[in-house]
Amino acid sequence: MEVFKSITPIIELIDKAKSIVVLTGAGASVESGIPDFRSPKGIYSQDYVYRPEKVLSHNFFMNQPKIFYEYYKENIIHTEALPNPGHIFLAELEKTGKVKAIVTQNIDGLHQLAGSKNVLEIHGSIYSNHCVRCHEAYNINYVLNNVDPIRCLECNGLVKPDVVLYGEALDNDIVLNAVEEIVKADLLIIAGTSLTVYPAADLVKYGKKTLLMNLSKTSGDIYFDYVYYGKFGDTCREIQNKMNKIE
Ligand code: NAD
């Protein structure tokens, strides 16, 4: 593992790469005002009667949907958030043909809002919701505008966000698709994740050349070829400015 001290070698890596896949975690949206889980100001540090892993679990949702939705609406849904320079830079790189796919653990939809097209949401999205009984689809406004617990208009079943809760399996097709994209790419960039959530933390092993861009050290840093410590949005803004000057 080599630690980059400046953005220059990152620009060189991006320049040389013909196909890039980027995997983003909660840290990539912190500069958009959405707290991550495990940073000092993250959701795990908040005082709440239940631990986040408990209230955001499948069992808790099924048994106590009212409390789940109170917590979820208060802490997890951030429809006011806007893409930061990190999201915007990745969308620009996709337009140039370099970035082939974004694999994201985030459920906030900010990559799509920034203009990215090929986004694989391995933990789902707050914007998609379904009835657990009849599978009728509901948009986020239905969730936001209804009182807890939120019930299906067709069958009165519970409406559940299509986000992967603790105790739920990931969509195998999306994970396989992510692995295929990573295997095809010649550079894998992973940004803003503590690398504690699987299988995302495991995907680094499929990358040919791997770069981690994170604010703080993680126990997974040693599995990368290159590591850069810094804020993702700020760093991307700097990179984009420098690349524009070079062109
Ligand atoms: P995490 O909270 O476990 O770790 C975040 C990592 O990002 C930390 O290592 C932290 O140092 C780093 N970080 C914080 N700010 C950063 C910045 N500005 N630039 C670069 N790095 C920064 O997040 P995780 O590993 O993604 O796991 C959390 C899980 O919770 C994910 O699976 C995700 O689905 C979910 N989650 C999503 C959102 C979202 O959609 N925005 C927010 C919180 C949690």
Tell me the residue from Lys98, Lys73, Lys66 that is more than 10 Å from the ligand (Cβ to nearest atom) and either assigned by TED's automatic domain parsing to the domain that holds Lys231 or touching a Cys at 6+ places or on another chain (Cβ under 6 Å) (or both), please. Lys98
Enumerated helices (runs of 4 or more DSSP H) restricted to segment 40-159, each holding at least 1 residues that are under 30 Å from Asp186 (Cβ atoms) and of a type in the set (Lys, Arg): 85-95
By residue number, the members of segment 116-171 that are of a type in the set (Gly, Ala, Ser), open to solvent by less than 20 Å² (accessible area, probe 1.4 Å) and within 16 Å of the ligand (Cβ to nearest atom) are Ser116, Gly124, Ser125
Residue match in segment 219-232 (condition: assigned to a helix (DSSP H, G or I), assigned by TED's automatic domain parsing to the domain that holds Glu94 and among the hydroxyl-bearing types (Ser, Thr, Tyr)): yes
If the requirement is being open to solvent by 50 Å² or more (accessible area, probe 1.4 Å) and either out of contact with any Ser or Thr (no Cβ under 6 Å at 6 or more places or on another chain) or more than 9 Å from the ligand (Cβ to nearest atom) (or both), which of these qualifies: Val55, Val21, Val30? Val30
For the structure I just gave you, tell me whether Lys209 is in contact (Cβ under 8 Å) with a residue 12 or more places away in the chain, open to solvent by 90 Å² or more (accessible area, probe 1.4 Å) and either more than 15 Å from the ligand (Cβ to nearest atom) or of a type in the set (Ser, Thr, Tyr) (or both). no
Let me confirm something: among Leu188, Leu158, Leu144, which residue is of a type outside the set (Val, Ile, Thr) and within 17 Å of the chain's Cα centre (by Cα)? Leu188
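Every residue, every condition in (1) at pLDDT below 95; (2) touching a Leu at 6+ places or on another chain (Cβ under 9 Å), yes or no:
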site	(1), (2)
Phe61	no, yes
Tyr71	yes, yes
Ala81	no, yes
Pro85	no, no
Leu90	no, no
Glu94	no, no
Gly97	no, no
Lys100	no, no
If you check Leu93 against the conditions, is it surrounded by fewer than 17 Cβ atoms within 10 Å (Cβ to Cβ), in the same structural domain as Asp234 (by TED's automatic domain parsing), aliphatic (A, V, I, L, M) and under 18 Å from Cys236 (Cα atoms)? no
Output the qualifying pairs, or none if there are none: Cβ atoms under 7 angstrom, residues six or more apart or on different chains, first residue in segment 21-50 and among the polar types (S, T, N, Q), second residue assigned to a strand (DSSP E or B). Thr24/Ile102; Thr24/Thr104; Thr24/Ala191
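The values are calculated or read from the model by the stated rules, or taken from the named source; none is laboratory data. Predicted, not measured: the structure shown is a model, and the values here were computed from it. All Cβ positions, glycine included, derive from the backbone under ideal geometry; neighbour counts span all protein chains shown. These accessible areas exclude ligands, DNA and RNA; they are computed on the full protein's heavy atoms, side chains included. Shrake-Rupley method; radii C 1.70, N 1.55, O 1.52, S 1.80 Å.
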